[in-house]
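In what follows, a structure is listed as structure tokens, so that the remarks can point back to it.
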Amino acid sequence: MIERALKGSPKYWGWVIFLLAIISVGFLCYLYQLKNGLGITGMSRDISWGVYIAQFTYFVGVAAGAVMLVIPKYLHHYQKYAKIVVFGEFIAIAAVTMCLLFIVVDIGQPMRMLNVLLHPTPHSMLFYDMIVLNGYLAINIIVGYNTLLADRKGLPCPGWVKPFIYLSIPWAISIHTVTAFLYAGVPGRHLWLTAVMAPRFLASAFAAGPSLLIMLLLFVQKVSKFKVDPEAIQSVAKTVCYAMIVNMFLMFMEFFTAYYSHIPGHIAPLEYLFFGLHGHDSLVGFMRFSMVAGFLGIFVLLVPALRRSNKWLVLGVASVFLATLIDKGVGLVIGGFIPNPFETITEYSATFPEIMIAISIWAVGALVLTVLYKVALSVREEQQIA
Amino acid sequence: MSMDRREFLKAAGLSAVAGLGAKGAFDLFMPGDVDASEHGGHSGHGHGHGDEAEAGPKIRLAMAIDVLQLKDHSKVDKIKAACDNAHNIPHWDSKDDEVKWIWEDEYEHVFPDTHNEYLADEVRELPFLLMCNHCDDPPCARVCPVEATFKRPDGIVAQDYHRCIGCRFCMAACPYGSRSFNWFDPRIPLRAEGRKLNPRFPTRMRGVVEKCNFCVERLAEGKQPACVEACPDVMIFGNLADPNSEIRKVLRKRVSLRRKLELGTKPSVFYLV
Ligand code: SF4
Ligand code: SF4
């Protein structure tokens, strides 16, 4: 089945080559980082995690988002999702691949990666994160591949795959919960020490993953003969909308607790992110944009007339995707380090090689997704002809 | 190195424990068996309240820093230099790349949670020496995915440079900013400075985390930590679990502060004011 990825139009190959070019530039930057050390990034003694870990966190969420299609399809037999659920699972595969790469580029001694397996340490949340991420990758490969294979042959999904499908539901929730625990369990970082971290992570994940799926499905309809039921897309859009509302609501909870209690430590990082602290405000523009985009996305997706127009729909889901990307993929991690344990401020800005490495990991994700979608589309097109 | 560093650290720790009581080099340890001290060695739930010091482990190494003595600023420099030389700590130009084990800062930054705008001028201007607190319940060790940083039975939070994968989770988890990462190869500035290196302590490689180790390598040889040797009137090192140790005596007499006690990490570094 995979061989279908090798038959494509010149445009398809052009896109693949474009991605490969970006990946090679990023790879060169990574070699440069390997040779000189992580000092070539914008990270510092005070801001010891940067864009790599932030993006890792975000894409764990995108991966978990697939479950928003799996639940209606397999628990509620919502058949409108039957044809598109595999596209969600393929997003999960690409996103988890990116997560693993973001970890690899972030660690100082990548050659010692296997130490995590050689010295399993159950009191570290990173240990569980490794288990759940790799498990989730495996589950989605098994489920995605086999359901698609069965579809192609016109057979129902084989019985032995079913347990994996059901398992993927709690598993998706676990990957993002454990990722939230990386942050929510450390003392002394005020922005992170919050019980709503995991719920908020899940809410923003269930907004971000499906909004990416909508954008991709709309695009895929343009470039192939595969037609998606508009009602299915509308349902996904509603999911995005509700999840984003919950996300923004939980964010409001954070603001209320910090500002009404007046506890300086709780206010400081929010102040830094949204208003600037002691003259340091390099993220304020981004965070405010994210806030506005979040509300805009909710508004567009909430009003049926707008949601039903594809142009508005794209604007809505793109806003949600960007809003969550900035909020979780930048602000959350950096904000946790500001102010530092001495209540002073060191700011962070990513360097060129660091950004290139991150972009090339995006390109790897896009490449994995392209190949998987190509396969899935060719199967769907065959079905439509038949 | 033929011996695994971690094994070495363990062996060194045990020999220090076993050897010192007999030698009586200084009043660090209560005579007592090593196994008993393992009790309470791992992450601290189930600690009863009440008389914790007596109910806990037999050895808990700690440092008291007589901050008033540091008005004489030359002592600060002397202490820092002693540590730098003992551990081949590189000096970087940029604050971002900095590696430091012991350094000074003012009250306001050391105790940000007890910020007091009416603080006595004298205290406000004192140079407080910052170092790893060797917490009794160390979050850094809790989060490390490979146990490259771990709490020893004697209370020292040690760091294994040969196992650390450089994920920097411990840096995010330490609420005291005690940890430094080798963003670049630390041997570059060491070489550039032309410093005389201490052959008894390894230089590190890039990509691993490091911090104060209470001079575990010197303790193993029956010596005091380098900072204590440099200024014994400022740095008082000893066994907190022994009610008759010098550190316990001074803590009974003087007012002491510890950093961010509300976090429950139970720091083993005390500031005498
Ligand atoms: S001060 Fe920081 S590095 Fe030292 S033991 Fe405590 S948490 Fe760990
Ligand atoms: S950087 Fe090293 S010591 Fe710190 S948590 Fe990671 S592996 Fe452990």
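The values are calculated or read from the model by the stated rules, or taken from the named source; none is laboratory data. Bear in mind the structure is a predicted one, so any value in this text is a computation, not a measurement. Cβ placement follows ideal geometry from the backbone for every residue including glycine, while neighbour counts extend to all protein chains displayed. Please note that ligands, DNA and RNA were not included when accessible areas were found on the heavy atoms of the full protein model with its side chains. Shrake-Rupley method; radii C 1.70, N 1.55, O 1.52, S 1.80 Å.
Summary table
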| quantity | calculated |
| --- | --- |
| At most 15 other Cβ within 10 Å, DSSP loop - trypsin sites (Lys or Arg not before Pro), segment A:133-199 | none |
| P(r), alpha carbons of segment B:39-272 - 10 Å bins starting at zero, rounded % | 7, 32, 38, 20, 3, 0 |
| Helix-derived mean residue ellipticity, 222 nm - over the protein assembly as shown, DSSP H n ≥ 4, -39500 (n - 2.57), to 500 | -17500 deg cm²/dmol |
| Where only alpha carbons of segment A:289-373 are counted, the Rg and the Dmax (Å) | 17.2, 52 |
| Per-residue mean of C-beta atoms belonging to partner chains within 10 Å, peptide B:159-170 | 6 |
| Above-threshold pairs, the threshold being 21 Å between Cα atoms, out of B:LYS78/B:LYS100; A:LYS73/A:LYS162; B:LYS75/B:LYS100; B:LYS100/B:LYS249; B:LYS80/B:LYS100; A:LYS222/A:LYS328 | B:LYS100/B:LYS249; A:LYS222/A:LYS328 |
| Cross-link partners of B:LYS151 among lysines (Cα-Cα below 17 Å; sequence separation of 8 or more within a chain) | B:LYS10, B:LYS58, B:LYS211, B:LYS266 |
| Exposure ranking of B:ASP154, B:ASP77, B:ASP93 by accessible area [1.4 Å probe, largest first] | B:ASP93, B:ASP77, B:ASP154 |
| Largest to smallest accessible area among A:ASP281, B:ASP84, B:ASP96, A:ASP106 [probe 1.4 Å] | A:ASP281, B:ASP96, B:ASP84, A:ASP106 |
| Compactness index (Cα Rg / 2.2 N^0.38 Å), the protein assembly as shown | 1.07 |
| Nearest-ten-degree value, helix A:10-36 long axis tilted from longest Cα axis of chain A | 30 |
| Table column - 3J(HN,Hα) (Hz), segment A:336-345, Karplus curve with 6.51, -1.76, 1.60, x for Gly and Pro | x, 9, 10, x, 7, x, 9, 6, 10, 10 |
| Residues whose placed amide H lies under 5 Å from that of B:GLU104, excluding near-sequence neighbours | B:LEU130 |
| Only Lys, Arg (+1) and Asp, Glu (-1) charged, at Cβ; the protein assembly as shown dipole about Cα centre in debye | 2480 |
| Hz values of 3J(HN,Hα) by residue in segment B:88-105 - Karplus curve (6.51, -1.76, 1.60), Gly and Pro given as x | 6, 8, x, 10, 9, 6, 7, 4, 5, 8, 2, 10, 8, 9, 9, 7, 10, 7 |
| Cut-off under 5 Å, modelled amide H: who pairs with B:ASN198 long-range | B:ASN88 |
